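Each remark here refers to the structure printed beneath this line.
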Amino acid sequence: MRLLLLALSFFLLFYLVDKTRYNVTALILVGVILIQVVFLIRYVERTNRRLSQFLQSIRYSDFSSSFSDHGLGKSFDDLNRSFMEVIEKFKKFRAEKEEHFNYLQTVVQHVHIGIIAFSRDGKVDLFNNAVKRLLKVRHVRFISDLEAVEEGFPETLVKLKTGERSLIRLFVKDELLQISVYATEFRMRGEDYTLVSLQDISSELDEKEIESWQKLIRVLTHEITNSITPISSLASTVREMLLDEDNDKVLLKALDGEDLEGVQGAIDTIQKRSQGLLNFVEVYRNLTRIPKPNFRYFKVKEIFERSERLLKPKMNELNISCNNKVFPPDMMITADPDLVDQVIINMILNAMDAVKGKENPEISILATVNNNNRVVIDIKDNGVGIKPDIMDKIFMPFFTSKKSGSGIGLSLSRQIMHLHKGSISMKSNPGEGTTFSLTF
C-alpha cells in the first residue's frame, strides 16, 4: 500500500509538472513524496531496529522490553511474537537461576558450619553467618582481615591444599575454640578460589576424650582388682604356715625364729601392697563417680570467700599474696557450689605449688563476664609456668609434673566444668606464669 501510494504520488507529480499552471501544487506534492519516502525507509529499517533492541535486551539482561506492535503486517507480527517468546524463555531461565541462587544462599547461611571462599589475591567472595558467630567478626573483605582474630590464622587458611584437613586452636573473645578446617579449590569466572569450612568441635573432642578416659579407667580398675588375687593367695599360704587345721581344732604351729621373721615380712608386704592397690583403685573410681551437679543460683564472691577461709593459713605460711576481684561485685552464677569449690581450690593449690620459690609469689583471681555474656573466672599466678612440651598433656588423668602429685586434679576439674556445660583452658609462658580460665 505504501509503494502503491508512492507510485500514485509520482504519477500525479508528473501530471502536474506537465500542466504548468499547477506549479505550487507540484511543489507541495514533492514534499509529500519526500515524507512518504522517509516513512518507507523507516518502515523497512524497523526490522533491524527491533533485532538490535532484542539483542541489547539479552546483552544487558533487560527483559522489560515489549515487542507487541500491531498493524505492521503479518511478517512483523510473526517477528514480534518470536521475539516475545524468546524474551519469556530468558525471563523464566533467569527467574529459575535467581531462585536457585537464593536457595543456595539460604542453605549456606543457615548451616552451622562456617563457610568462607576467597580468591588467590585474598579477596573474600563468600562467608556465611556461622563464620560471623564462630570468629566474632562482622565483615570480612579480605582473608587478611582475620588477622584480628589471631595472629597467623589467615596464613594457615591460605596454605591449605585441596582435601586437606587441619585442627586449629584459637582463643576468640577469651574462649578456646578447637576448629576443624577442611579446604577445597574450584574455578569460577576464570579465577581460582579456595573454599574453607570451619567447625568448632571443642565440645565433641572433650566428650570423646572424657569418654575414652572413662573407658580406660574402667579397664584399669578391672585389671588392678585382678592383681590383688595373687596377694590374697599369698595370704592364704601364710595362713597355712601359721595354722594347723588338720584336726577339728585350729592350732597355731610352732615356728622357729627364721620362719617368724619370714611370716612377719610377708604379712607386712601383703598389707602395704594391698592397701596401696586399694587406694589406687579408689582414686581411679572417683574419676568416674562425679555426682550430678545440684545447680543453685548464688553469688560468685561466695566461692572466693570459702576458698580463702580454707587456704588462707597455708598462704600466710608460704608468704603468698592472693587477691580476688569480681566485676560486677554482685555477679551471680548458676552452678553446683560444692563442685565449683572443688575446682577453684584445686586451681589455687596448683597455683600455690607453681609460685613456690618465687621472690614475690602472687596469685590473682578475677571473675568477669565476657562478650558472650558468660561468666569467666581466671586464676593467674606468677610462677615458673608450664613447659610447652607438656601443655597438651596436663588434662590427661594421672599425668603430673609434680613430685607428689596424683595427676587427677585437672582431669577432675575438666569433667566438672563439662558437667556445667562450660570449659577450662590454660595459657602459660615459661618463667612468667600461668592462667587457668573457667568459662561457665
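Screening Arg81 with (1) closer than 30 Å to Arg138 by Cα; (2) without any contact (Cβ under 8 Å) to a residue 40 or more places away in the chain gives one miss only, at (1). Could you check Ser82 against (1) open to solvent by 50 Å² or more (accessible area, probe 1.4 Å); (2) of a type in the set (Gly, Ala, Ser); (3) not in a helix (DSSP H, G or I) and say which number it fails? In the conditions (1) open to solvent by 50 Å² or more (accessible area, probe 1.4 Å); (2) of a type in the set (Gly, Ala, Ser); (3) not in a helix (DSSP H, G or I), Ser82 misses (3) alone.
Scanning region 278-317 for residues that are at pLDDT 85 or above and acidic (Asp, Glu), we see that the one that is farthest from the chain's Cα centre (by Cα) is Glu317.
Taken over region 389-401, the criterion of being under 22 Å from Glu207 (Cα atoms) and either within 22 Å of the chain's Cα centre (by Cα) or not in a loop (DSSP other than H, G, I, E, B) (or both) is satisfied by Ile390, Met391, Asp392, Lys393, Phe395. Within region 361-369, can one find any residue that is touching a residue at least 24 places away in the same chain (Cβ under 8 Å), farther than 22 Å from Leu176 by Cα, open to solvent by 40 Å² or more (accessible area, probe 1.4 Å) and out of contact with any strand residue (DSSP E or B) (no Cβ under 7 Å at 6 or more places or on another chain)? Scanning region 361-369 turns up no residue that is touching a residue at least 24 places away in the same chain (Cβ under 8 Å), farther than 22 Å from Leu176 by Cα, open to solvent by 40 Å² or more (accessible area, probe 1.4 Å) and out of contact with any strand residue (DSSP E or B) (no Cβ under 7 Å at 6 or more places or on another chain).
Any residue in region 258-278 that is closer than 17 Å to Glu240 by Cβ and open to solvent by 60 Å² or more (accessible area, probe 1.4 Å) sitting within a Cβ distance under 8 Å of a residue that is outside any helix (DSSP H, G or I) and modelled with pLDDT of 70 or more? List the pairs, counting only those 6 or more apart or interchain. If the second residue must be outside any helix (DSSP H, G or I) and modelled with pLDDT of 70 or more, no pairs are left.
Residues in region 370-388 that are open to solvent by less than 60 Å² (accessible area, probe 1.4 Å) and either in a loop (DSSP other than H, G, I, E, B) or more than 15 Å from Glu432 (Cα to Cα) (or both): Asn370, Asn372, Val375, Val376, Ile377, Asp378, Asn382, Gly383, Gly385, Ile386. Selection of region 111-132 for residues being without any contact (Cβ under 8 Å) to a residue 12 or more places away in the chain and under 18 Å from the mean Cα position of the chain (by Cα) yields only Lys132.
The values are calculated or read from the model by the stated rules, or taken from the named source; none is laboratory data. This one's a predicted model, so the numbers in the text were calculated from it and none came from an experiment. Reconstructed Cβ throughout: ideal geometry from the backbone, glycine too, with neighbour counts over all protein chains shown. SASA here: full protein model, heavy atoms, side chains in, ligands and nucleic acids out. Shrake-Rupley method; radii C 1.70, N 1.55, O 1.52, S 1.80 Å.
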